[in-house]
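Below is one structure, written out as structure tokens, with a few remarks after it.
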Amino acid sequence: MIKTLKKIKEILQAYIRLLTTKYTVEEQNKLNICKQCPRNKFNICKECGCFINAKVKSPLANCPLNKWNQTLTKEDILNELNNRFK
Ligand code: SF4
């Protein structure tokens, strides 16, 4: 249940970033990879079902085919979690 809520929060944050920020260079690179991917159908990833424009805005998201990886390192994520639960 908590995992699901965290996933929903991550998705909502990605959509908010999509609506309020420009693509960073790294996000644009991910988007370019997705644009050329045969699993991209009308900006929906057929591997995970995500809306690609928002997916690349999540620093925790990964490509299910490992064509690109999350922006944050595992160490960054652990630091982020430690800070949230202090
Ligand atoms: S997330 Fe990966 S599998 Fe999905 S469209 Fe992008 S490159 Fe392709």
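For Cys37, the criteria (1) crowded, with 17+ Cβ neighbours inside 10 Å; (2) under 14 Å from the mean Cα position of the chain (by Cα) hold in every case but one, which is (2). Any residue in the range 50-65 that is free of Cβ contacts under 8 Å to residues at least 40 places away in the same chain, in a helix (DSSP H, G or I) and within 13 Å of the ligand (Cβ to nearest atom)? The answer is yes, given that some residue of the range 50-65 is free of Cβ contacts under 8 Å to residues at least 40 places away in the same chain, in a helix (DSSP H, G or I) and within 13 Å of the ligand (Cβ to nearest atom). Taken as a whole, the range 9-21 holds no residue that is within 11 Å of the ligand (Cβ to nearest atom) and among the small types (Gly, Ala, Ser). Look at (1) loosely packed, with under 12 Cβ neighbours inside 10 Å; (2) in contact with a Leu (Cβ under 6 Å, 6 or more places away or on another chain); (3) of a type in the set (Val, Ile, Thr) and you find that Val56 fails only one, number (1).
In this structure, is Asn32 touching a Cys at 6+ places or on another chain (Cβ under 9 Å), of a type in the set (S, T, N, Q) and modelled with pLDDT of 95 or more? Full working, then the answer.
On the way: touching a Cys at 6+ places or on another chain (Cβ under 9 Å): no; of a type in the set (S, T, N, Q): yes; modelled with pLDDT of 95 or more: yes.
It is false that Asn32 is touching a Cys at 6+ places or on another chain (Cβ under 9 Å), of a type in the set (S, T, N, Q) and modelled with pLDDT of 95 or more.
Which of the residues spanning the range 66-79 are more than 13 Å from the ligand (Cβ to nearest atom), under 15 Å from Glu10 (Cα atoms) and in a loop (DSSP other than H, G, I, E, B)? Passing the criteria: Thr71, Leu72. Residues being over 23 Å from Leu65 (Cα atoms), among the hydrophobic types (A, V, I, L, M, F, W, C) and not in a helix (DSSP H, G or I) are entirely absent from the range 3-25.
The values are calculated or read from the model by the stated rules, or taken from the named source; none is laboratory data. Only a predicted model underlies this, so the values are computations on that prediction, with no experimental measurement involved. Methodologically, a virtual Cβ is constructed for each residue, glycine included, from the backbone with ideal geometry; neighbour enumeration extends over all protein chains shown.
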